[in-house]
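The structure appears right after this line, and notes come after that.
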Amino acid sequence: MRAKSLFICMMLAMPLGFTACSNDTEEVLEPEVQNTVKGTDTRDVDDGTYWWLWSKSQKIHFTYLDTKAWIYYHPSNKEVIIQKLAERGLELVEKDNNFKLGYYPPIYTNIGENAYFYAECEWNEVAASYKDIIDIPEILDACPNIQLEEGTKEECRGTSAIYVYTVSNEVLQEIAEEYKVHIVGTEDEILKISYVICDKNSKGNAFEICRDLWGKNHIGAEPALGGEFL
């Protein structure tokens, strides 16, 4: 499978027409996050071969990179994050990046409690290991970028977003409770998929959760990756 085709297909499945509903964030409660203790987070075990299932059948193998991480944050905290990164000799790769989740809650069913908050969040990249920045409180999650082990061995951005192939609110609630992820909502008109988001408190990162959902429960799930064209 060509790596480029993989990412184009995945992004075509992701509605990118989101427009922020409001710039007033005072009424929105940020999700609680806990300080990550290095060595206890499941994401610290990243020295082997990993995979997720593409189209529920084909394993996509990859390795984690320790030089780049994909993060997300609320735009109200962007300047604070820039300052704290600068203190560590780091910076956001895209200084003027306004890339948002792409999910537009009003058109979905099974809308999650904090769906609008997550829809407002910005996504960006830092040229550092996620372990060296995930302790910054204003960064809601950091996931290592990956390198595919097959084909072009392309390097790709990480993600904290997951496509789950279900329209059942009951199933989503069970997933949210077990894996400590946040429900954004369900597109049940055409794509028949739901979207959930990881944060620092989640049970692993998006890749691990996708693999676990299929391995344990046979629920189709794929990490929502973005290609270099974003």
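Within a Cβ distance under 9 Å of Lys78, other residues only, what is the Lys/Arg minus Asp/Glu net charge?
Net local charge, Lys78 excluded: -3.
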Subject >> Sulfur and carbon atoms: percent of accessible area, segment 142-230 [1.4 Å] >> reply: 48
Subject >> 1.4 Å probe accessible area per residue over segment 90-207, in Å² >> reply: 39
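The values are calculated or read from the model by the stated rules, or taken from the named source; none is laboratory data. Please read these numbers as outputs of a predicted model, since none were measured by experiment. Using ideal geometry, Cβ is built from the backbone for each residue, glycine included, and neighbour counts are taken over all protein chains shown. Surface accessibility is based on the protein's heavy atoms, side chains included, excluding ligands, DNA and RNA. Shrake-Rupley method; radii C 1.70, N 1.55, O 1.52, S 1.80 Å.
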